[in-house]
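Shown next, in structure tokens, is the structure this report addresses.
The values are calculated or read from the model by the stated rules, or taken from the named source; none is laboratory data. Bear in mind that the values here come from a model prediction, so they are computed numbers and not experimental data. Here the Cβ positions follow ideal geometry from the backbone for every residue, glycine too, while neighbour counts run over all protein chains shown.
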């Protein structure tokens, strides 16, 4: 398996942080997004890569843009998550 990129690591961290900020359990995000709880756990830990389509699916389930999930500026995702 290839080394994770900075973008992949950031995305995995953002999934967890936004989910927690929203007060969502892993199970609730699984229900909303269509992923299994086990898959989400692996995504959040960086043990599972996601396709572009899956990244969009997760961003939509979390109620933020894909741009915010991938931005190197943490303020972008924070503002978008708070303003909803």
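Quick look at the values:
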| quantity | calculated |
| --- | --- |
| Residues located in segment 69-84, provided they are closer than 16 Å to residue 20 by Cα, out of contact with any helix residue (DSSP H, G or I) (no Cβ under 6 Å at 6 or more places or on another chain) and either modelled with pLDDT of 85 or more or not in a helix (DSSP H, G or I) (or both) | 84 |
| Helices (runs of 4 or more DSSP H) wholly inside segment 1-68 that include at least 2 residues being touching a residue at least 40 places away in the same chain (Cβ under 8 Å), buried (at least 17 other Cβ atoms within 10 Å of the Cβ) and touching a helix residue (DSSP H, G or I) at 6+ places or on another chain (Cβ under 7 Å) | 6-21, 52-62 |
